[in-house]
1. Confirm whether residue 52 is over 19 Å from the mean Cα position of the chain (by Cα) and exposed (fewer than 10 other Cβ atoms within 10 Å of the Cβ).
2. Checking residue 118 against (1) within 21 Å of residue 135 (Cβ to Cβ); (2) surrounded by 12 or more Cβ atoms within 10 Å (Cβ to Cβ); (3) not hydroxyl-bearing (Ser, Thr, Tyr): exactly one of these is not met. Which one?
3. Out of curiosity, is residue 76 at pLDDT 85 or above, over 22 Å from residue 137 (Cα atoms) and out of contact with any strand residue (DSSP E or B) (no Cβ under 6 Å at 6 or more places or on another chain)?
4. Considering every residue within region 134-149, establish whether at least one is closer than 28 Å to residue 29 by Cβ, aliphatic (A, V, I, L, M) and either loosely packed, with under 10 Cβ neighbours inside 10 Å or modelled with pLDDT under 80 (or both).
Amino acid sequence: MNHNLITVLFGLAASLSWGSGDFSGGLATRRANVMSVVIAAYILGFALLIALALLWSEPFPSALDLAWGTTAGLAGAVGLVSFYQALSIGRMGITAPIAAVLASTLPVIFSAIFVGLPNLFQLTGFALALMAVWLISRPERTMARPEGVG
């Protein structure tokens, strides 16, 4: 199979996985406590991780790897709680794209500092993403008379 096709298929599979997980998590937080949903997701993810590690006979990680993993897991939990809380109280169609753009900023900043600035193609993608967030978060224009003061 072509290397480029495999890359695209893995990208689509990752998008489907993340998107369906975020969607189902957002729906779950409308019916249950945000913290309960995140804890359940982390327990399920940890069980899956242990099963896969045993299946592939992975060696036990070093102390440094465990420290980095714990730090990343805690940061991810804070982000997931914040994201699910936003999904539970806001409009999913606005919350999800804004969170996606914000989540991409940290790796971009890290990469810009340690690897180099993004190329023109990547910068164009960021500009389009920001423009999309601006477009979807604008208030709806209706022909109805505005409500409120005035």
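The values are calculated or read from the model by the stated rules, or taken from the named source; none is laboratory data. Computed from a predicted structure; not experimentally measured. A quick note on method: Cβ atoms are made from the backbone with ideal geometry, for glycine too, and the neighbour counts reach across all protein chains shown.
1. No, not satisfied.
2. (1)
3. Against the criterion (at pLDDT 85 or above, over 22 Å from residue 137 (Cα atoms) and out of contact with any strand residue (DSSP E or B) (no Cβ under 6 Å at 6 or more places or on another chain)), residue 76 qualifies.
4. The answer is yes, given that some residue of region 134-149 is closer than 28 Å to residue 29 by Cβ, aliphatic (A, V, I, L, M) and either loosely packed, with under 10 Cβ neighbours inside 10 Å or modelled with pLDDT under 80 (or both).
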